[in-house]
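Worksheet: one structure, shown below.
The values are calculated or read from the model by the stated rules, or taken from the named source; none is laboratory data. Note that the structure is a prediction, hence the values are computed from the model and not measured. Here Cβ is always computed from backbone atoms with ideal geometry, including for glycine, and neighbour counts include all displayed protein chains. Please note that ligands, DNA and RNA were not included when accessible areas were found on the heavy atoms of the full protein model with its side chains. Shrake-Rupley method; radii C 1.70, N 1.55, O 1.52, S 1.80 Å.
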Amino acid sequence: MNTTKYIFVTGGVASSLGKGILAASLGKLLQARGFRVTNQKMDPYINVDPGTLNPYEHGECYVTVDGHEADLDLGHYERFLNVETHKVNNITTGRIYQSVIEKERRGDFLGKTVQVVPHITDEIKRNIMALGLSGHFDFVITEIGGTVGDIESLPYVEAVRQMKWELENDCLSIHLTYVPYLAAAQELKTKPTQHSVKALQQGGVQPDILVLRTEHPITDNMRRKVGLFCNVSPNAVIQSVDAKSIYQVPLNMQQEHLDEIVLRKLGFNLSDVREADMTEWNAFLDMRDKATQEVHIALVGKYVQLHDAYMSIRESLSHAATYNDRKLVLTEILSDELTSDNAADRLRGYQGIIIAPGFGSRGVDGKIAAIRFARENKVPCLGICLGMQCMAIEFARDVLGLKDADSSEFNADTKHNVIDLMEEQKTLVNKGASMRLGAYECELLSGSRVNQIYGKDVISERHRHRYEFNNRYRRMFDEAGMCCVGINRKADLVEIIELRDHPWFIGVQFHPEYSSTVLRPHPLFLDFIKAALND
Ligand code: GLN
């Protein structure tokens with residue numbers, strides 16, 4: 001069987017039901033059966049990418065190796081499948097329109113009236129099929145963001161309808177809905193599901209599989225009833241009961257035979273396909289279950305009110321805790337509230353401190369106070385991106401005596417811009433206009449702690465920032481024991497700093513959190529947690 005199969009995942013009734021986790025779980029199961037799988041996310045908003053979105057609006061902005069600012073679901077895909085995603089894995093309505101309008105301006109449509117159908121829908125289909133036509137994948141799982149029935153989703157549903165019509169046996173649609181439990185009546189209600197399927201059918205798409213998200217197990221009777229009203233065979237109506245961890249969901253879906261149903265409906269002969277080998281995944285979950293001792297970590301950042309804003313950091317820490325046989329207890333601390341007077345009180349007792357990435361000056365003083373506390377009290381501390389920049393500023397101010405050291409992001413007039421764009425760096429980073437995005441190589445100084453941690457001399461990590469460490473101060477830092485141990489040789493940029501006389505104090509200009517996966521936890525987080533346990 002060598003044609004690519006396309007699976008579409010839509011959602012109904014409510015948002016936040018976990019379409020991304022469902023799509024990633026199915027991807028995992030098919031991959032564990034030996035197939036080559038990729039997951040794609042369609043976001044129906046007009047922003048060209050989520051790079052400019054406030055994390056409060058849409059959670060964390062994830063970055064792919066090829067430098068695309070993407071939806072956080074791509075993080076789930078990578079963490080589950082251990083396969084890198086790229087720009088094509090995340091499409092937005094803004095991107096679709098942008099490219100259609102560019103084509104129109106170029107005259108590609110030869111004077112035709114440009115319309116939602118067929119031009120926008122064709123562009124959506126082209127972007128889905130680009131993955132299939134690459135020849136790299138047996139399955140392309142495309143998640144349609146938003147909820148069926150939204151005006152924004154219409155062109156996507158229409159594209160799915162057309163693909164199902166054109167590639168009949170190679171397409172399958174899965175609809176995820178919610179079955180609410182009415183406590184007063186002690187009953188699960190399927191009516192919203194029926195309505196949501198109706199909305200999908202109105203768009204001409206008949207779901208092949210229904211996944212019902214529920215807090216209580218659904219009965220066979222309910223499966224039959226939903227199946228009958230929605231034109232879906234009852235054995236293709238499956239439940240997704242709330243799981244204690246997102247990493248449990250692939251196993252729950254396996255128990256419900258989701259992968260089997262998908263394969264059968266797509267014409268596979270199950271005796272030709274091997275069972276999903278989830279041994280390593282199970283081992284990870286076992287370790288997680290067995291870890292009862294806690295490790296207490298503080299995450300200092302300015303978007304702490306929203307759970308999703310630091311998604312990849314949380315997940316990376318939780319992978320690392322599991323592999324260290326610990327249960328992660330993560331406390332998010334609002335950097336705006338920290339001062340040099342209260343930092344000790346607020347941060348005492350944590351075994352490790354993470355200084356979060358961020359943009360703009362809000363909360364920076366709090367981050368600097370937290371860093372000083374960690375440095376002076378020898379608490380393991382990892383600074384990520386802005387966190388690393390704040391580590392440099394704090395050190396310059398307190399140890400090097402450069403009292404007005406700052407970043408030109410916050411203060412363009414200060415004399416000692418430790419983090420600043422240097423003349424020679426402007427070729428790589430256009431000041432203020434574009435960011436350094438995606439994976440860059442970094443050489444590790446031999447004998448440094450990071451060299452030991454990675455067990456490599458050259459690494460590649462993902463970036464998302466505008467400002468760079470100012471090389472004018474490199475020597476001073478090195479001589480004072482804050483060593484510049486990770487260097488981008490091509491552009492001569494400082495990527496990692498580490499403090500010599502400290503149990504674990506490392507700042508990284510890149511984002512290691514984007515590349516920690518369940519089966520390949522990131523060495524920096526692993527070692528950070530290990531250090532946190534050594535108190
Ligand atoms: N605001 C900083 C910069 O642009 C850091 C960005 C980040 O933490 N991702 O360089």
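Restricting V211, V262 to residues that are aliphatic (A, V, I, L, M), in a helix (DSSP H, G or I), within 27 Å of the chain's Cα centre (by Cα) and buried (at least 17 other Cβ atoms within 10 Å of the Cβ) narrows the list to V262. K456 meets all of the listed conditions (1) in a strand (DSSP E or B); (2) surrounded by fewer than 18 Cβ atoms within 10 Å (Cβ to Cβ) but one, namely (1). When V9, V48 are checked against the criterion of being in contact (Cβ under 8 Å) with a residue 40 or more places away in the chain, open to solvent by 10 Å² or more (accessible area, probe 1.4 Å) and β-branched (V, I, T), a single residue qualifies: V48.
Would you check if A392 is open to solvent by less than 10 Å² (accessible area, probe 1.4 Å), within 13 Å of the ligand (Cβ to nearest atom) and over 25 Å from D308 (Cα atoms)? Judged against the criteria, A392 is a match.
Being under 19 Å from L526 (Cβ atoms), within 15 Å of the ligand (Cβ to nearest atom) and part of a helix (DSSP H, G or I) is the requirement here; does M287 meet it? Against the criterion (under 19 Å from L526 (Cβ atoms), within 15 Å of the ligand (Cβ to nearest atom) and part of a helix (DSSP H, G or I)), M287 does not qualify. Just to verify a result, which residue in region 407-446, among those that are modelled with pLDDT of 95 or more and part of a loop (DSSP other than H, G, I, E, B), is nearest to Y473 (Cα to Cα)? Of everything passing the filter in region 407-446, L445 is nearest to Y473 (Cα to Cα). Comparison of R489, R462, R436 shows that the only residue that is touching a His at 6+ places or on another chain (Cβ under 6 Å) and either without any contact (Cβ under 8 Å) to a residue 24 or more places away in the chain or over 22 Å from C381 (Cβ atoms) (or both) is R436.
Between R375, R362, R397, the distinction of being modelled with pLDDT of 95 or more and touching a helix residue (DSSP H, G or I) at 6+ places or on another chain (Cβ under 9 Å) belongs to R375 only.
Looking across region 450-482, just one residue is farther than 21 Å from A396 by Cα, of a type in the set (K, R) and more than 16 Å from the ligand (Cβ to nearest atom), and that is K456.
Residue-by-condition table, conditions (1) under 19 Å from I261 (Cβ atoms); (2) touching an Asp or Glu at 6+ places or on another chain (Cβ under 8 Å); (3) touching a residue at least 24 places away in the same chain (Cβ under 8 Å):
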| residue | (1), (2), (3) |
| --- | --- |
| Y181 | no, yes, yes |
| I209 | yes, no, yes |
| R224 | yes, no, no |
| C230 | yes, no, yes |
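How many of the residues making up region 269-298 are small (G, A, S), farther than 21 Å from N82 by Cβ and over 23 Å from the mean Cα position of the chain (by Cα)? Number of matching residues: 2. Which of the following residues is small (G, A, S), under 24 Å from the mean Cα position of the chain (by Cα), open to solvent by 10 Å² or more (accessible area, probe 1.4 Å) and within 16 Å of the ligand (Cβ to nearest atom): G360, G301? Sole residue among the options that is small (G, A, S), under 24 Å from the mean Cα position of the chain (by Cα), open to solvent by 10 Å² or more (accessible area, probe 1.4 Å) and within 16 Å of the ligand (Cβ to nearest atom): G360.
Inside region 50-63, residues that are under 19 Å from T93 (Cβ atoms) and within 9 Å of the chain's Cα centre (by Cα) make up a count of 2.
Can you tell me which residues in region 493-535 are part of a helix (DSSP H, G or I), of a type in the set (A, V, I, L, M, F, W, C) and within 16 Å of the ligand (Cβ to nearest atom)? Correct list: L524 only.
Scanning region 266-283 for residues that are surrounded by 17 or more Cβ atoms within 10 Å (Cβ to Cβ) and assigned to a helix (DSSP H, G or I) returns a single hit, W281. Among the residues of region 155-193, those that are open to solvent by 50 Å² or more (accessible area, probe 1.4 Å), in a helix (DSSP H, G or I) and out of contact with any Gly (no Cβ under 6 Å at 6 or more places or on another chain) comprise W165, E166, E168, K191. Restricting I128, I124 to those that are under 22 Å from the mean Cα position of the chain (by Cα), touching a residue at least 12 places away in the same chain (Cβ under 8 Å) and not in a loop (DSSP other than H, G, I, E, B) reduces the list to I128.
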